[in-house]
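Novice: There's a structure below that I have some questions on.
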Amino acid sequence: MSDPNKLSARYTTMVVAALSLIVLTSVAFMVPVPYVTMSPGEPFNTLGSYKTTQGKLKPMFTFGAGVKTYRTSGALYFTTVSVRRADRPLSLAGAVKAYIDPNKAVVPKDLIYPDNETAEQSTAESAAQMAGSKDSSSVAALRAAGYKVGERPSVVQVVKGGAAFGKLVVDDVFLDVDGTKVTTPDQVVKAVGTHKPGETVRLTVERRGKRVVVPVVTRADPKDKNVPRIGISIGVKYTYPITVTNNVDSRIGGPSAGTMFALAIYDKLTPGELTGGRKIAGTGEIADDGTVAPIGGVRQKMAGAADKGATIFLVPAANCAEATDGDDDGLKLVKISNLKDAISSLEALAKNPDAKVPSCS
């Protein structure tokens with residue numbers, strides 16, 4: 001006959017073990033994991049109005065006085081992704097819940113916030129990317145619409161403590177190097193490169209409408225002592241034939257709205273309507289020559305577009321595999337490689353909804 005006390009003790013031990021396992025499992029599910037979630041964000045109609053941080057409703061794009069614009073209809077949505085902030089730890093339970101949600105993605109935290117980047121640093125970087133996107137989309141759209149946009153080499157960054165620190169400033173436009181006219185960033189780099197480290201290069205720049213001569217003593221590149229450096233980053237400053245103002249503010253960041261920005265500007269400046277009265281969404285970073293580059297979060301952007309009632313989604317060619325890896329959310333997925341592709345596809349679909357255009361399927 002079994003001893004009741006021993007059976008009771010054994011039962012108690014089993015209960016304690018089971019409860020301990022439950023507690024440990026619960027604790028494990030609450031432990032932060034090195035991942036962040038990506039969820040569908042809000043789409044914004046580039047042909048419509050935008051509510052600024054001051055609460056004012058403005059057209060997303062405004063144009064200078066005397067600029068002829070044309071009637072548009074329907075919608076051209078740029079799409080967004082909501083990314084979990086770096087300072088909001090994600091639990092294992094939260095990661096599992098997001099993983100099984102078809103409209104969400106769980107990605108390594110260092111992919112979104114490299115080198116332990118803070119949320120504030122990420123926001124600043126995204127704002128800079130958006131500023132670049134506004135420029136490149138305007139240039140691409142204006143050129144597609146038949147306008148000429150000038151380019152001049154300019155200073156986009158001055159390295160603190162570098163050779164040009166305190167001498168050159170951001171937005172200085174290069175006119176000549178050692179008396180030789182320069183019109184491209186490559187020409188500036190090559191002209192500086194004719195010097196030896198320690199030699200002085202004479203840079204003539206335009207600063208706030210005035211010509212300024214700036215002598216800079218070159219320094220050796222830390223990786224190659226024979227290469228001269230002046231401690232700046234050179235980019236392009238555009239000369240616009242008309243004024244185009246993008247009223248999207250700093251709440252929206254990143255470069256992926258560029259393609260839809262460009263389409264909206266083009267649609268406003270040219271006869272006819274790209275949408276055919278329908279709701280169209282899309283994504284893609286755009287270069288000033290109209291090339292469309294891939295972006296992240298395409299599945300989340302598709303879900304957000306579908307919720308807004310869009311029926312067509314413009315997908316950068318390199319994102320097609322990801323876009324078709326799951327439900328299409330009822331969207332017609334149009335593949336684009338450049339702005340010209342996007343314009344011609346939308347024009348064809350506006351005339352005939354069944355027109356054959358490049359597709360991700």
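Novice: It is to be established whether one or more residues within region 286-300 are over 14 Å from Ser256 (Cα atoms) and out of contact with any Pro (no Cβ under 9 Å at 6 or more places or on another chain).
Specialist: The first filter runs over region 286-300 and keeps only residues over 14 Å from Ser256 (Cα atoms), leaving 289.
Adding the requirement that they be out of contact with any Pro (no Cβ under 9 Å at 6 or more places or on another chain) leaves 289.
Scanning region 286-300 turns up at least one residue that is over 14 Å from Ser256 (Cα atoms) and out of contact with any Pro (no Cβ under 9 Å at 6 or more places or on another chain).
Novice: Going residue by residue through region 117-128, is there one that turns out to be modelled with pLDDT of 70 or more, open to solvent by less than 70 Å² (accessible area, probe 1.4 Å), in contact with a Gly (Cβ under 9 Å, 6 or more places away or on another chain) and in a loop (DSSP other than H, G, I, E, B)?
Specialist: The answer is no, given that none of the residues of region 117-128 is modelled with pLDDT of 70 or more, open to solvent by less than 70 Å² (accessible area, probe 1.4 Å), in contact with a Gly (Cβ under 9 Å, 6 or more places away or on another chain) and in a loop (DSSP other than H, G, I, E, B).
Novice: Just wondering, is there one or more residues in region 81-88 that are hydrophobic (A, V, I, L, M, F, W, C), assigned to a strand (DSSP E or B) and modelled with pLDDT of 75 or more?
Specialist: yes
Novice: Considering region 183-192 alone, what residues qualify as being farther than 12 Å from Ser154 by Cα and surrounded by 14 or more Cβ atoms within 10 Å (Cβ to Cβ)? Working first, answer last.
Specialist: Taking region 183-192 as the starting set, the residues that turn out to be farther than 12 Å from Ser154 by Cα are 190-192.
Residues satisfying the conditions are Ala191, Val192.
Novice: Tell me whether region 161-173 contains one or more residues that are open to solvent by 20 Å² or more (accessible area, probe 1.4 Å) and in a strand (DSSP E or B).
Specialist: Pass one, region 161-173, residues open to solvent by 20 Å² or more (accessible area, probe 1.4 Å): 161, 165-167, 169-171.
Next, only the ones that are in a strand (DSSP E or B) stay: 165.
Looking for residues that are open to solvent by 20 Å² or more (accessible area, probe 1.4 Å) and in a strand (DSSP E or B), one finds at least one in region 161-173, hence yes.
Novice: Working only within region 320-361, note down all residues that are open to solvent by 10 Å² or more (accessible area, probe 1.4 Å) and polar (S, T, N, Q).
Specialist: Within region 320-361, Thr324, Ser337, Asn338, Ser344, Asn352, Ser359, Ser361 meet the criteria.
Novice: Further question on the same structure: Between a residue in region 33-58 that is modelled with pLDDT of 80 or more and any residue that is outside any strand (DSSP E or B) and open to solvent by 40 Å² or more (accessible area, probe 1.4 Å), which pairs come within a Cβ distance under 6 Å, given they are 6 or more apart or on different chains?
Specialist: Between residues of region 33-58 that are modelled with pLDDT of 80 or more and residues that are outside any strand (DSSP E or B) and open to solvent by 40 Å² or more (accessible area, probe 1.4 Å), the close pairs are Ser39/Lys104; Pro40/Asn103; Pro43/Lys308.
Novice: Is at least one residue of region 131-145 modelled with pLDDT of 95 or more and part of a loop (DSSP other than H, G, I, E, B)?
Specialist: Scanning region 131-145 turns up at least one residue that is modelled with pLDDT of 95 or more and part of a loop (DSSP other than H, G, I, E, B).
Novice: Quickly run through region 284-306 and pick out the residues that are within 12 Å of the chain's Cα centre (by Cα) and either part of a loop (DSSP other than H, G, I, E, B) or surrounded by fewer than 23 Cβ atoms within 10 Å (Cβ to Cβ) (or both). Outline the logic, then answer.
Specialist: Within region 284-306, the first condition is being within 12 Å of the chain's Cα centre (by Cα), and the residues that meet it are 284-287, 292-297.
Listed by number, the residues that qualify are Gly284, Glu285, Ala287, Ala293, Pro294, Ile295, Gly296, Gly297.
Novice: Go through the residues of region 307-318 one by one and say whether even a single one is crowded, with 22+ Cβ neighbours inside 10 Å and part of a loop (DSSP other than H, G, I, E, B).
Specialist: For region 307-318, residues crowded, with 22+ Cβ neighbours inside 10 Å and part of a loop (DSSP other than H, G, I, E, B): present.
The values are calculated or read from the model by the stated rules, or taken from the named source; none is laboratory data. What you are looking at is a predicted structure, and each value in this text was computed from that prediction instead of being measured. Counting neighbours? That spans all protein chains shown, and the Cβs are built from the backbone with ideal geometry, glycine included. Only protein heavy atoms, including side chains, enter the accessible area calculation; ligands, DNA and RNA are left aside. Shrake-Rupley method; radii C 1.70, N 1.55, O 1.52, S 1.80 Å.
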